[in-house]
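Engineer: Following this message is one structure expressed as structure tokens.
The values are calculated or read from the model by the stated rules, or taken from the named source; none is laboratory data. As the structure is a prediction and not an experimental result, all values here were calculated from the model. Here the Cβ positions follow ideal geometry from the backbone for every residue, glycine too, while neighbour counts run over all protein chains shown. Protein only, heavy atoms only, side chains kept; ligands, DNA and RNA dropped before computing areas. Shrake-Rupley method; radii C 1.70, N 1.55, O 1.52, S 1.80 Å.
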Amino acid sequence: MVSLIIDCDDIIGADGLVPIKLYVTDEAGNQDYCSTFVHIQDPNGVCCWCPPMITGIIENENQELIEEVTVSLSNIGGSLYPTPVVTGTNGAYYFNYWPTNGLIITPEKDINYLNGVTTYDLVLISKHILGTQLLNSPYKIIAADANNSESVTTLDIVKLRALILYIDVELENNESWRFVDANYFFPNPNNPWQEEFPEAIEYDFDIWGSSNFIAMKIGDVNDTASLNSLLGSDVRTFSEAITIHLQNKKIAKGEEFTVDFRAHEFKNIEGYQFTLGFEKEAVEFVNVVPNLEGLSESNFGLTKLGEGKITTSWNSSKGIDLDKDAILFSMIFKAKSAGEIANIFELNSYITVAEAYSGSDLYEVKLVFDKNDNALIKKLTNTFELYQNAPNPFVDETSISFYLPKSETVILKIYDMSGRVLNQMELEGSEGFNSKKIKRMDFEATGVLYYQVKTNEKTLTRKMILLD
């Protein structure tokens, strides 16, 4: 053979190495040969070969992309193939690997169990259990099954409340996120466990293409979980506030005393949660005495007593109205030193976020101290605050909210990253919570923008994202 024909088949699906033998004959007729290889390359892409990759997108049922999902590739026997890959902000994964039948694609994300989980989720799950307001998708029903029993019961509420109260840090029989093949059709959407749903995809080379998944954050049935770093954390914008009142009084060292937590503005409230902080050097917790309907000792988290913090979470399947000064619960403490109630306790969001719910409205929860002469004094100093816009990112419109300790005129300014002012408006702010809705038509820009609210004494600035 004095010639050899090499074509694209020697590159596509192969390593490009073609074995050959080279023969040499001298003038006397002596002959010998050696074996070697010709390395065939295609630097100009003549063969136009694009190797198929195993790829896909992971998003929730609202088509929002999920970051930090670890995707593994294995064979039917369970042996892992390449190193697992992790999705970025675009929710995509891919394996630069020649696919074959029998490969199993499995996503996993088992971090931050409390992401997106609040007492409001318990309100919605309770209504689903009672049949008064059903969860409207099989994905939300799966998300409500906290104990992975293939049903939604009050035991799921118990498990999720233990997370909210920081009694537990994870779910014993479940993971933080679950995933379903995006092409799977639930035969009975009201009972997603009627048939076993696929949480992994077996790759089919004959119909190769994207292998996509729908993600569910366990416990989050109202879509408030933080999905990726581009979108940022969920923004909680308060409609109003409810106050819980304590009677301020002096206490003596060694005295065992009772603190009654009394309701004000408690109208059509379906749930609340907050962290109660106390000066651990001044008092020692003894006991709690529940009084509100549906409230028991299990609604309080005592794992952080050593840090001077008590968590609480309560919910009802219907809105509850209480008379002014009705006692929600009482707590018994023992004084380690002399002092005043107002200097010992505070209500905050250090562990469990302070908020309450009335229908779809989100309320702030405040602690107010009543003096013996019934004049009200607040334990926490009211300060000017600027909140994250909601929604963020936004397309058509968003709301900018801020809190003012007193009524005054403020300046709202929107500008881009170069400092160019896109819009400026003067607002008559009232004492308490304020909100201003802005629309895309109010300015011409996209991408990262800044909004700033200026009072007579202080200026605060936050970042927001406007999408095309």
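Engineer: List the pairs whose first member sits in region 294-306 and is open to solvent by 50 Å² or more (accessible area, probe 1.4 Å), whose second member is part of a helix (DSSP H, G or I), and whose Cβ atoms are under 8 Å apart, counting only residues at least 6 apart or on separate chains?
Structural biologist: Matching pairs, first to second residue: SER298/VAL158; SER298/ARG161.
Engineer: Suppose we keep only residues that are under 16 Å from LEU466 (Cα atoms) and touching a residue at least 24 places away in the same chain (Cβ under 8 Å) within region 406-420. Which one would you say is surrounded by the most Cβ atoms within 10 Å (Cβ to Cβ)?
Structural biologist: Filtering first and then ranking leaves ILE414.
Engineer: Can you name every residue in region 107-134 that is aromatic (Phe, Trp, Tyr) and not in a loop (DSSP other than H, G, I, E, B)?
Structural biologist: Across region 107-134, the qualifying residue is only TYR120.
Engineer: Output the residues belonging to region 269-283 that are surrounded by 14 or more Cβ atoms within 10 Å (Cβ to Cβ) and among the acidic types (Asp, Glu).
Structural biologist: Those that are surrounded by 14 or more Cβ atoms within 10 Å (Cβ to Cβ) and among the acidic types (Asp, Glu): GLU270, GLU279.
Engineer: Quick one: count up the residues across region 313-341 that are closer than 28 Å to HIS128 by Cβ and assigned to a strand (DSSP E or B).
Structural biologist: Qualifying residue count for the region: 10.
Engineer: Within region 389-405, which residues are surrounded by 12 or more Cβ atoms within 10 Å (Cβ to Cβ) and part of a loop (DSSP other than H, G, I, E, B)?
Structural biologist: ASN389, PRO391, ASN392, PRO393, PRO405
Engineer: Now a separate question. Among the residues of region 163-190 satisfying the criterion of being exposed (fewer than 14 other Cβ atoms within 10 Å of the Cβ) and of a type in the set (S, T, N, Q), which is farthest from LEU295 (Cα to Cα)?
Structural biologist: My answer is ASN183.
Engineer: Can you tell me which of (1) crowded, with 21+ Cβ neighbours inside 10 Å; (2) assigned to a loop (DSSP other than H, G, I, E, B); (3) free of Cβ contacts under 8 Å to residues at least 60 places away in the same chain is the one ILE310 doesn't meet?
Structural biologist: (2)
Engineer: In region 138-162, what residues are assigned to a loop (DSSP other than H, G, I, E, B) and either among the acidic types (Asp, Glu) or open to solvent by 10 Å² or more (accessible area, probe 1.4 Å) (or both)?
Structural biologist: ASP145, ASN147, ASN148, SER149, GLU150, SER151, VAL152, THR153
Engineer: Filter region 416-432 down to the residues that are touching a Ser or Thr at 6+ places or on another chain (Cβ under 7 Å) and at pLDDT below 90 and list them by number.
Structural biologist: GLY429, SER430, GLU431
Engineer: Being in contact (Cβ under 8 Å) with a residue 60 or more places away in the chain, farther than 28 Å from ASN434 by Cβ, touching a helix residue (DSSP H, G or I) at 6+ places or on another chain (Cβ under 9 Å) and among the aromatic types (Phe, Trp, Tyr), is that true of even one residue in region 330-337?
Structural biologist: Scanning region 330-337, I find no residue that is in contact (Cβ under 8 Å) with a residue 60 or more places away in the chain, farther than 28 Å from ASN434 by Cβ, touching a helix residue (DSSP H, G or I) at 6+ places or on another chain (Cβ under 9 Å) and among the aromatic types (Phe, Trp, Tyr), so the answer is no.
Engineer: To continue, here is another question. Name every residue in region 258-290 that is of a type in the set (Phe, Trp, Tyr) and within 19 Å of ALA326 (Cα to Cα), in order of residue number.
Structural biologist: Of everything in region 258-290, those that are of a type in the set (Phe, Trp, Tyr) and within 19 Å of ALA326 (Cα to Cα) turn out to be PHE261, PHE266, TYR272, PHE274.
Engineer: Oh, and also: Somewhere in region 112-131, is a residue surrounded by 14 or more Cβ atoms within 10 Å (Cβ to Cβ) and under 19 Å from GLU199 (Cβ atoms)?
Structural biologist: yes
Engineer: Within region 446-468, can you find the residues that are farther than 13 Å from LEU412 by Cα, open to solvent by 60 Å² or more (accessible area, probe 1.4 Å) and either part of a loop (DSSP other than H, G, I, E, B) or out of contact with any Phe, Trp or Tyr (no Cβ under 8 Å at 6 or more places or on another chain) (or both)?
Structural biologist: Passing the criteria: THR446, GLU457, LEU467, ASP468.
Engineer: Find all pairs meeting these conditions: Cβ atoms under 6 angstrom apart; at least six residues apart or on different chains; first residue within region 265-290 and in contact (Cβ under 8 Å) with a residue 12 or more places away in the chain and within 30 Å of SER126 (Cα to Cα); second residue hydrophobic (A, V, I, L, M, F, W, C) and assigned to a loop (DSSP other than H, G, I, E, B).
Structural biologist: PHE266/LEU322; PHE274/ALA354; THR275/ILE351
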